[in-house]
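Enquirer: Just passing along the structure, written as structure tokens.
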Amino acid sequence: MAILLTVAALTFAATSTWATLFTDPALLPNGKAYDYIVIGSGPGGSTVAARLSEDPSTNVLLIEAGPTGKDAQQIQVPALVPDIQSGSPYDWNYTIVPQPGLNSRALPYSRGKVLGGCSAINWMFWVRCPQDDYDKIADITGDEGWSWTSMLPFWQKVERLVPPVDGRDTTGEVDPTIHGTQGAVNITVPNVRFPTDEPVIGAAMEVGGDFQFIEDYNTGNPLGLAWLQGSTGNGIRNDAATAYLGPALSRPNLDVLAETQVTKLIQTGISLEGKPAFRGVEFAQSSSSPRYFRNANREVIVSTGAINTPQLLMLSGIGPSSHLASLGILTIVDLPDVGQHLADHPVITLVYNVSEPRDDVFTNLNRNETYADEALREWETNRSGIMTNAANSQLAFFRLPANDSIFETVPDPSSGPTAPHLEFIPLPGLFPFLGIPPTGYYLLTAVVVETPTSRGNITLSSADPFTYPIINPNLLGSPFDMAAARYAIRATDRYMSASAWDGFTTGPTPGLGITGVDLSSDAEVDAYAREHALTLWHPTSTARMGACGGGDGSVVDPDLRVKGVEGLRVVDASVFPFVPAGHPQAMIYAFAERAAELIQSGHRACELL
Ligand SMILES: Cc1cc2nc3c(=O)[nH]c(=O)nc-3n(C[C@H](O)[C@H](O)[C@H](O)COP(=O)(O)OP(=O)(O)OC[C@H]3O[C@@H](n4cnc5c(N)ncnc54)[C@H](O)[C@@H]3O)c2cc1C
Ligand SMILES: *[C@@H]1O[C@H](CO)[C@@H](O)[C@H](O)[C@H]1NC(C)=O
Ligand SMILES: *[C@@H]1O[C@H](CO)[C@@H](O)[C@H](O)[C@H]1NC(C)=O
Ligand SMILES: *[C@@H]1O[C@H](CO)[C@@H](O)[C@H](O)[C@H]1NC(C)=O
Ligand SMILES: *[C@@H]1O[C@H](CO)[C@@H](O)[C@H](O)[C@H]1NC(C)=O
Ligand SMILES: *[C@@H]1O[C@H](CO)[C@@H](O)[C@H](O)[C@H]1NC(C)=O
Ligand SMILES: *[C@@H]1O[C@H](CO)[C@@H](O)[C@H](O)[C@H]1NC(C)=O
Ligand SMILES: *[C@@H]1O[C@H](CO)[C@@H](O)[C@H](O)[C@H]1NC(C)=O
């Protein structure tokens, strides 16, 4: 009992703070005037709501479709992350359309539907992404404020580097001098050792090159193999709800309404410059339940993520007019790029057999109840043991060589020399959603195309807000993506052939690995990639940011205001002009921190028309 109380107290500051957390729209304080209404509680929305409510004279309402997830052990315990993908109580359970690049396979597409959004169910990789990505966004938008150097101070607000639970000396595993120490989100290097650590690092030392060991991948130049930094602290997941909303919930000027979906943004007037103002929101708990309405005095901030943000804009008459017309939705603002430019990271898995059962942590957790119970008990009692670790402890970022033949026909899509085209991730075991064979023990390796050139889209299938949108990330949909995947598969084979793996692995797993694949044949490697590719769940760019003015295919301006609309901003992964070459959550938190400052200061990058 004492243990459960501790968990609750760690999760949210104190029980009394839950007074401002509603799960029924009928109970929202009646006459309260909100200055800002923030929709969605992921890294975008929670960060903005928490920062705006620091001013006690500003009233903020945050609306989240999912449940609170309060006290959910699956969310809190890092190593339980494989259990909370699609099909959990905290997921939208989307499916993407059959993918031409994946032999027409349709895949489940995990998206968090819970306070914290995807950060409450994600794999906790903490990656700032390369310097050149920020600088390219600054170039595209004409706003130097988004550049790597300008954004550096925000890490002090976002990050708090804390020691791992095993208390070891972490010298050489992370560069503490570059990290925030007082920010909202705790981050750590792996909390305890995994059996794979020694061969992973050993093989990096041996192979070098693409896999050369580096101390810290968050310096702006991530190229090389390094220890993972994860969004955990004291053995517990940190997500947007626990890190940002939890501490803010005691404020009387912040109300959070969970289990309620915003169904439409409502036009409330016309600005002096003749733009429609969208400061109203309509929300409901289900398709059959009553609709509620609230207006924001100042602004509505849409942070519903790269899938639901374009959906909500289109449902509200903001989007491609011909598409909206086909569903009987009246276009109020014709913005052809809403829902377009969807980019995502394809990931290809290559499984290897391991000789010692103890080296496969995750198969053991899934197959051996005694082992899993003991590990969970250790987490509950002492906040120690393997349950405090996320699912992997290292990653590597690398580039296609400049002489790769793909560059004869395709220009380099990366933002610059610090940006990886590829990523490699080793994981100690297999996971239920990948299918664990009934016998045998495994090592999972995964390669990711970080700079895909293929683009998909989000479209509506209906004008009903409770009907799911059509999601097409177009994975492995371009010659560049295939060439990158091909190089990464061959690089993985090189790395896994290092003598550091002798005795640890016995070779690729039939059916799940490159057994029988002739690696010198492009056709065979491509066929393997198409059959084994999945998504890394990093959709972005469906309401992308551009420069002031029109005609550049963007949806929001450099201040993240929706173009042609007054009183409406987007702050989430949809605004990235391209998918960052890394895992996006850290960058979203940092962008949201700056967005909060832009909102508070009334900054106008673009002249009033
Ligand atoms: C399985 C998985 C693993 C991942 N692993 C990593 C990782 O290891 N590292 C990393 O950096 N990134 C990872 N990501 C990606 C990262 O978590 C997301 O990019 C990030 O959370 C996106 O933040 P966001 O604010 O844009 O939106 P989200 O986090 O998606 O939050 C949007 C919120 O809005 C809510 N919402 C949607 N529609 C409505 C509506 N109409 N009304 C009210 N609320 C609504 C949703 O329920 C959700 O809570 C992963 C994602 C997934 C799904
Ligand atoms: C997703 O599936 C799980 C398991 O069936 C369920 O509990 C959850 O409610 C589903 N999510 C939604 C949004 O329907
Ligand atoms: C982050 O770690 C600090 C220091 O250990 C702790 O006080 C704080 O509660 C943690 N934050 C979260 C959200 O867990
Ligand atoms: C299951 O785990 C327990 C506890 O760690 C261990 O003693 C036992 O040998 C394991 N059983 C198998 C079949 O691996
Ligand atoms: C917790 O830690 C104590 C002290 O190290 C140890 O004696 C105990 O066995 C641990 N409990 C569990 C469940 O691992
Ligand atoms: C690219 O250069 C490397 C080393 O300089 C060489 O080993 C490799 O064969 C070259 N590849 C191609 C496709 O020319
Ligand atoms: C890998 O394990 C599978 C069974 O799990 C077995 O059929 C196969 O022969 C093994 N391969 C190697 C190379 O060890
Ligand atoms: C979305 O993409 C599909 C597949 O490329 C295409 O057929 C469709 O026209 C696109 N929809 C819109 C509205 O752009």
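Enquirer: How many residues, within the stretch 493-514, are over 26 Å from residue 106 (Cβ atoms) and not in a strand (DSSP E or B)?
Expert: Residues in the stretch 493-514 being over 26 Å from residue 106 (Cβ atoms) and not in a strand (DSSP E or B): 11 in total.
Enquirer: Separate question: Quick one: is residue 581 part of a loop (DSSP other than H, G, I, E, B) and in the same structural domain as residue 40 (by TED's automatic domain parsing)?
Expert: yes
Enquirer: Would you mind telling me which numbered condition in (1) open to solvent by 10 Å² or more (accessible area, probe 1.4 Å); (2) at pLDDT 95 or above residue 250 fails?
Expert: Of everything listed in (1) open to solvent by 10 Å² or more (accessible area, probe 1.4 Å); (2) at pLDDT 95 or above, residue 250 misses just condition (2).
Enquirer: Are there any pairs with C-beta distances below 7 angstrom linking a residue in the stretch 81-102 that is over 19 Å from residue 455 (Cα atoms) to a residue that is assigned to a helix (DSSP H, G or I) and within 16 Å of ligand 7 (Cβ to nearest atom), with the two at least 6 apart or on different chains, and if so which?
Expert: Filtered contacts from the stretch 81-102: 82/362.
Enquirer: Another question about this same structure. Return the residues of the stretch 568-609 that are closer than 16 Å to residue 544 by Cβ and of a type in the set (Asp, Glu); say none if nothing qualifies.
Expert: Hit for the stretch 568-609 is 572, nothing else.
Enquirer: Can you tell me which residues in the stretch 386-421 are exposed (fewer than 14 other Cβ atoms within 10 Å of the Cβ) and either among the polar types (S, T, N, Q) or within 16 Å of ligand 7 (Cβ to nearest atom) (or both)?
Expert: Passing the criteria: 403, 405, 409.
Enquirer: Scanning for something buried (at least 20 other Cβ atoms within 10 Å of the Cβ), outside the structural domain of residue 38 (by TED's automatic domain parsing) and more than 28 Å from residue 387 (Cβ to Cβ), does the stretch 218-225 turn up at least one residue?
Expert: Taking every residue of the stretch 218-225 in turn, at least one turns out to be buried (at least 20 other Cβ atoms within 10 Å of the Cβ), outside the structural domain of residue 38 (by TED's automatic domain parsing) and more than 28 Å from residue 387 (Cβ to Cβ).
Enquirer: Turning to a different aspect of this structure: Only one of these is crowded, with 24+ Cβ neighbours inside 10 Å and within 16 Å of ligand 5 (Cβ to nearest atom): 305, 235, 230. Name it.
Expert: Exactly one residue qualifies, and that residue is 235.
Enquirer: Oh, and also: Taking into account only those residues within the stretch 451-466 that are open to solvent by less than 50 Å² (accessible area, probe 1.4 Å) and under 15 Å from residue 410 (Cβ atoms), which is nearest to ligand 6 (Cβ to nearest atom)?
Expert: The selected residue is 451.
Enquirer: In contact (Cβ under 8 Å) with a residue 60 or more places away in the chain, within 16 Å of ligand 7 (Cβ to nearest atom) and not assigned by TED's automatic domain parsing to the domain that holds residue 529, is that true of residue 383?
Expert: Judged against the criteria, residue 383 is not a match.
Enquirer: Of the residues 544, 490, which is within 16 Å of ligand 8 (Cβ to nearest atom) and either open to solvent by 20 Å² or more (accessible area, probe 1.4 Å) or at pLDDT below 95 (or both)?
Expert: 544
Enquirer: While we're looking at this one, here's another question. Of everything in the stretch 405-427 that's of a type in the set (Gly, Ala, Ser) and within 14 Å of residue 452 (Cα to Cα), which residue is farthest from ligand 4 (Cβ to nearest atom)?
Expert: 415
Enquirer: Select, from 62, 80, the only residue that is in contact with a helix residue (DSSP H, G or I) (Cβ under 8 Å, 6 or more places away or on another chain), under 23 Å from residue 299 (Cβ atoms), more than 16 Å from ligand 6 (Cβ to nearest atom) and of a type outside the set (Phe, Trp, Tyr).
Expert: 62
Enquirer: Within the stretch 156-180, restricting attention to residues that are touching a helix residue (DSSP H, G or I) at 6+ places or on another chain (Cβ under 6 Å) and part of a loop (DSSP other than H, G, I, E, B), which residue is farthest from residue 393 (Cα to Cα)?
Expert: Per the stated criteria, the residue is 180.
Enquirer: For residue 371, work out the one condition from (1) open to solvent by less than 60 Å² (accessible area, probe 1.4 Å); (2) within 16 Å of ligand 5 (Cβ to nearest atom) it doesn't fulfil.
Expert: (1)
Enquirer: Out of the residues in the stretch 283-338 that are β-branched (Val, Ile, Thr) and assigned to a loop (DSSP other than H, G, I, E, B), state the one that is nearest to the chain's Cα centre (by Cα).
Expert: 304
Enquirer: Related question: Answer yes or no as to whether residue 346 is open to solvent by less than 20 Å² (accessible area, probe 1.4 Å) and under 20 Å from residue 78 (Cβ atoms).
Expert: The answer is no for residue 346.
Enquirer: From the list 338, 361, which one is within 16 Å of ligand 1 (Cβ to nearest atom) and of a type in the set (Val, Ile, Thr)?
Expert: Result: 338 is the single residue among 338, 361 that is within 16 Å of ligand 1 (Cβ to nearest atom) and of a type in the set (Val, Ile, Thr).
Enquirer: A follow-up question, please. Please work out which residue is most open to solvent (accessible area, probe 1.4 Å), limiting yourself to the stretch 110-123 and to residues that are among the hydrophobic types (A, V, I, L, M, F, W, C) and assigned to a loop (DSSP other than H, G, I, E, B).
Expert: 123
Enquirer: Could I ask something else about it? Are any residues in the stretch 124-153 touching a His at 6+ places or on another chain (Cβ under 6 Å) and open to solvent by 10 Å² or more (accessible area, probe 1.4 Å), and if so, which ones?
Expert: Hit for the stretch 124-153 is 125, nothing else.
Enquirer: A follow-up question, please. Yes or no: the stretch 94-103 includes at least one residue that is open to solvent by 10 Å² or more (accessible area, probe 1.4 Å) and within 23 Å of residue 284 (Cα to Cα).
Expert: Within the stretch 94-103 (the criterion being open to solvent by 10 Å² or more (accessible area, probe 1.4 Å) and within 23 Å of residue 284 (Cα to Cα)), the answer is no, since none of the residues qualifies.
Enquirer: Another one. Pairs needed: first member in the stretch 196-216, touching a residue at least 24 places away in the same chain (Cβ under 8 Å) and within 16 Å of residue 444 (Cα to Cα); second member anywhere, small (Gly, Ala, Ser) and not in a helix (DSSP H, G or I); C-beta distance under 6 Å; at least 6 residues apart or different chains.
Expert: Going by the 6 Å Cβ cut-off, the qualifying pairs are 197/393; 203/498.
The values are calculated or read from the model by the stated rules, or taken from the named source; none is laboratory data. Not measured: the values here are computed from a predicted model. Cβ: placed from backbone, ideal geometry, glycine included. Neighbour counts: every protein chain shown. Calculation scope for accessible area: heavy atoms of the full protein, side chains included, ligands and nucleic acids excluded. Shrake-Rupley method; radii C 1.70, N 1.55, O 1.52, S 1.80 Å.
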